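Here the structure comes first, spelled out in structure tokens, and everything after it is commentary.
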Amino acid sequence: MDTVLGVIVGLVVLMVLVVAHEFGHFIASRRNGVRVLEFGIGFPPRAVAWIKDPKTHKWRRLKRSEWDKAGMAKTVGVEKTSGTEKSAAPLYIKSRGDEKKIFQDGLIFSLNWLPIGGFCQMDGESAEDEREGTFGKASYWKKTKILFAGVAMNWLVAFIIFTVLAWVGMPQFLDNQFTLDADTRVDRVPVKVKSVHEGSPAEAAGFLENDYIIKVNGEEVRSGTDITTINKNNAGKEVKYTVQRDTQLKCIDTCGDPMEQKSDIELTATLNSADADYLLGVTMESSESLSYSTWSAPIVGAGLTLQLTGETFRGLGELVWNLVSGAFRQLSFDGAVRESGREAIETVGDSVTGPVGIIGVLFPSFTSAGPANLAFLAAVISVSLACMNVLPIPALDGGRWLLITIFKLRKKRLTKEIEEKIVARAFMVLLGLIVLVTILDITRFFR
């Protein structure tokens, strides 16, 4: 049930983030004089739709019989787009083998059956469209604002979430996570031992259920991940653990110094080898550190958004470098070099997560960890969506802007045929990458 709930929550969160992105395009389009034909939540098939009358500014529900006509005012048989028709928003349908132009007078808002995002359909999205009120007719600066408005909206969503979390309790997931020391209180919850495996190094060392692990080899730990990492680095070695057996212990840093109430207990365990089923032999209960801010919450929100943006671009850079360098090293005659190249390529596969991994693995685990963790994950994904859409890939916002910019600098016309051909090829490459990453996610899921 936790997995099912996590998947449902993941679908909803991703849809909200994508709709927020598209809403940025919608606002920028309307403010810059570009007509929007339809704003949809989810993807077709359509479930229900409304149309806004541009004269009365009232909404009415579109009957199912009107869907194909999109609330038409009139129809005129034409052979092709003339570019001179004074229409609010032309759409095309096939009727008895003849191509007909449908004049749509109002904005359509639709709810659709596939909960995988949303869309903002602007009038005349081809750069060569010259009709008034179309995207193609808009100036270069207006096109820039419209294309990057979705990216800005995703950054804004992340900023708002991080600001709220800074006020109510921000999970500490990053090393050197951005905070203002002058206005930050950190409550660090120690890691709790949920169970001890029979015959394990932990049992031999004297670990008991409900022990709190405070330090490992003299180093303070903030989460179970810290302990797992230190254990991996010391497989087969002797490791010293500082534990506390106060079952009422809640936090360490700011809760009245409960550590002073009882003395620490030092336990020494000789870990299993790296190829064993486990190293220490304890099951740890999820724990986290929370930081709290007051007046500096907006500053923390902005700073953490910038920090994650930088980390995302750095990670993308490392990913591309490992992929390219690994591929070139595979051409070497030196076996050691080829092996290092293979390892570099494997790190690429391990570091990339697609829709299946995000919805099927990340969201279930973060949902069960609590609303603060789930909100943090949503903000991180929102930042990732912003960063990905900035990339100069023609099928994405940054790529479309780059394409328009290149043709503007060359003072050449970007025709619809050229634009569609470039975007279509880039989209096919992206689709192939999505399929590849999805396969990797599925293999990890059943590994």
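Going by amide H atoms built from the backbone, whose H comes under 5 Å of the H on Asp129, apart from near neighbours?
Gly136
Which far-off residues, 5 or more places away or on another chain, put their amide H under 5 Å from the one on Leu37, with H placed in the peptide plane?
Hits under the 5 Å cutoff: Gln121, Met122, Asp123.
What is the dipole size for segment 159-205, taken about its Cα centre, with +1 at each Lys and Arg Cβ and -1 at each Asp and Glu Cβ, in debye to the nearest 20?
120 debye
Between their Cα atoms, which of Lys52/Lys421; Lys145/Lys421; Lys55/Lys408 are more than 27 Å away from each other?
From the list (Lys52/Lys421; Lys145/Lys421; Lys55/Lys408), the Cα-Cα distance tops 27 Å for Lys52/Lys421; Lys55/Lys408.
Bear in mind that the values in this text are calculations on the coordinates, not laboratory data. These numbers were taken from a predicted model, which means no experiment stands behind them. Cβ atoms come from the backbone with ideal geometry, glycine included; neighbour counts cover every protein chain shown.
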